[in-house]
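Below: the structure, in structure tokens.
The values are calculated or read from the model by the stated rules, or taken from the named source; none is laboratory data. No experiment lies behind these values; they were computed from the predicted model shown. Cβ atoms come from the backbone with ideal geometry, glycine included; neighbour counts cover every protein chain shown.
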């Protein structure tokens with residue numbers, strides 16, 4: 001069962017998930033835990049797999065994709081809605097469970113009371129107060145007496161706004177805790193635990209104001225025994241967001257610590273990302289085709305090494321890396337009869353994803369471009385700088401072309417040499433190979449892109 005849950009664990013986070021589960025099982029009060037990793041470092045995969053693992057261990061789990069609720073602007077509604085949804089698959093089931101638990105389903109969770117609790121626009125709050133919110137707001141006669149006692153100098157509108165705020169505070173301080181306890185009871189009634197674990201993801205993609213409101217609601221409104229919040233976050237992003245919103249924070253103070261009790265790391269380091277990319281290449285790109293050349297430099301293993309290095313250089317997320325490698329996979333499958341340099345395809349595909357790259361140390365032969373060849377061969381024997389240019393030409397071939405000097409002769413596309421002679425290495429590379437080598441690989445990737453784009 002566990003292997004099925006973590007089956008696509010390229011980032012090797014299964015062990016951490018199992019350890020974090022032990023931590024959750026030790027908690028019997030309210031806690032907020034952050035599980036931290038950078039952009040594209042597997043937070044969403046971990047959240048989804050870990051949720052299944054927790055459920056298999058008997059935990060009651062509620063998952064919240066914060067990005068999908070960002071448009072509402074009401075984080076309390078987000079939390080309540082997710083908890084109510086978890087009661088059952090349909091409205092009838094949810095209503096019955098709420099009634100059995102003593103939950104004031106229509107009053108506490110309905111739209112009207114949520115408007116009140118969140119203090120949305122004053123006109124809406126007042127309209128709700130004077131209409132159908134008597135049960136949730138408490139004793140309106142008492143509130144009206146308070147308004148009357150304020151004197152003639154205060155407008156009715158201002159008085160009603162104060163009354164609405166008092167009602168909201170009463171609901172937050174008295175009714176909300178009772179109803180949250182009842183909701184937790186309904187969720188855990190048939191479970192071996194009385195704990196509800198709420199996993200929150202995609203905060204990094206939300207509007208800063210919504211993120212702040214959600215964190216504050218989580219800590220101020222939902223700080224009740226039995227509720228354990230686990231935030232999948234990029235701590236550096238939240239820190240920058242907070243400093244943009246509030247100004248430079250005190251030295252050594254991190255914004256996340258205002259809300260979080262326990263900070264944990266997902267542990268997806270650069271090394272882990274590189275190894276995950278390497279494994280993905282070995283799995284997806286080991287496709288039978290026509291290699292561009294013989295030897296280890298043209299194998300899937302070499303392509304995996306190039307991909308691992310490019311992944312670290314690019315800063316792409318694992319989701320983006322998978323898209324890059326899918327493009328190469330499609331190229332290999334569509335052009336199986338063409339001699340293809342797999343490491344070069346990988347190099348070029350990553351370059352496309354990040355808007356261009358030129359790192360000679362990763363794949364030296366990627367420097368063999370038509371433009372470079374033309375420049376190195378653009379001189380005559382009468383040129384005063386001919387000797388210097390010849391040295392530069394030969395040095396380039398020595399430094400960047402070692403992998404392609406022993407290809408089959410048809411790779412160079414040169415006419416047979418006259419009188420049985422042989423071509424110089426520079427001629428093979430710069431006159432024969434360079435004009436078509438990278439452009440043809442480039443054209444194949446472009447063709448795949450057009451296929452994918454429809």
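Residue 203 falls short on exactly one of the conditions (1) surrounded by fewer than 20 Cβ atoms within 10 Å (Cβ to Cβ); (2) closer than 21 Å to residue 63 by Cβ, and that condition is (1).
For segment 30-44, a residue qualifies if it is part of a loop (DSSP other than H, G, I, E, B), closer than 19 Å to residue 257 by Cα and modelled with pLDDT under 90, and the qualifying residues are 37, 38. Out of 392, 427, 360, 373, one residue alone is touching a residue at least 12 places away in the same chain (Cβ under 8 Å) and under 28 Å from residue 301 (Cα atoms). It is 360. With a requirement of 1 or more residues that are over 28 Å from residue 85 (Cα atoms), assigned by TED's automatic domain parsing to the domain that holds residue 46 and at pLDDT below 80, the helices (runs of 4 or more DSSP H) lying completely within segment 170-277 that satisfy it span 235-246.
Give segment 330-348 a look and list any residue that's over 13 Å from residue 304 (Cα atoms) and in a helix (DSSP H, G or I), or say none. The answer is 330, 331, 332, 333, 334, 348. The one condition from (1) part of a loop (DSSP other than H, G, I, E, B); (2) surrounded by fewer than 18 Cβ atoms within 10 Å (Cβ to Cβ); (3) within 43 Å of the chain's Cα centre (by Cα) that residue 443 does not meet is (1). Of the candidates 55, 91, 59, the single residue that is surrounded by 19 or more Cβ atoms within 10 Å (Cβ to Cβ), farther than 28 Å from residue 275 by Cβ and either out of contact with any helix residue (DSSP H, G or I) (no Cβ under 9 Å at 6 or more places or on another chain) or modelled with pLDDT of 85 or more (or both) is 59. Can you tell me which of (1) under 29 Å from residue 310 (Cβ atoms); (2) more than 39 Å from the chain's Cα centre (by Cα) is the one residue 452 doesn't meet? Single failed check for residue 452: (2). Against the criterion of being assigned by TED's automatic domain parsing to the domain that holds residue 317, in contact (Cβ under 8 Å) with a residue 24 or more places away in the chain and surrounded by 18 or more Cβ atoms within 10 Å (Cβ to Cβ), residue 280 qualifies. Say whether the condition of being assigned to a loop (DSSP other than H, G, I, E, B), in contact with a helix residue (DSSP H, G or I) (Cβ under 7 Å, 6 or more places away or on another chain) and within 24 Å of residue 334 (Cα to Cα) is met by at least one residue in segment 375-396. No, segment 375-396 contains no residue that is assigned to a loop (DSSP other than H, G, I, E, B), in contact with a helix residue (DSSP H, G or I) (Cβ under 7 Å, 6 or more places away or on another chain) and within 24 Å of residue 334 (Cα to Cα). A count restricted to segment 310-321 and to residues that are surrounded by fewer than 20 Cβ atoms within 10 Å (Cβ to Cβ) and modelled with pLDDT of 90 or more stands at 0.
Condition check ((1) buried (at least 20 other Cβ atoms within 10 Å of the Cβ); (2) outside the structural domain of residue 80 (by TED's automatic domain parsing); (3) in contact with a strand residue (DSSP E or B) (Cβ under 7 Å, 6 or more places away or on another chain)) across all residues:
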position	(1), (2), (3)
21	no, no, no
26	no, no, no
30	no, no, yes
36	yes, no, yes
63	no, no, yes
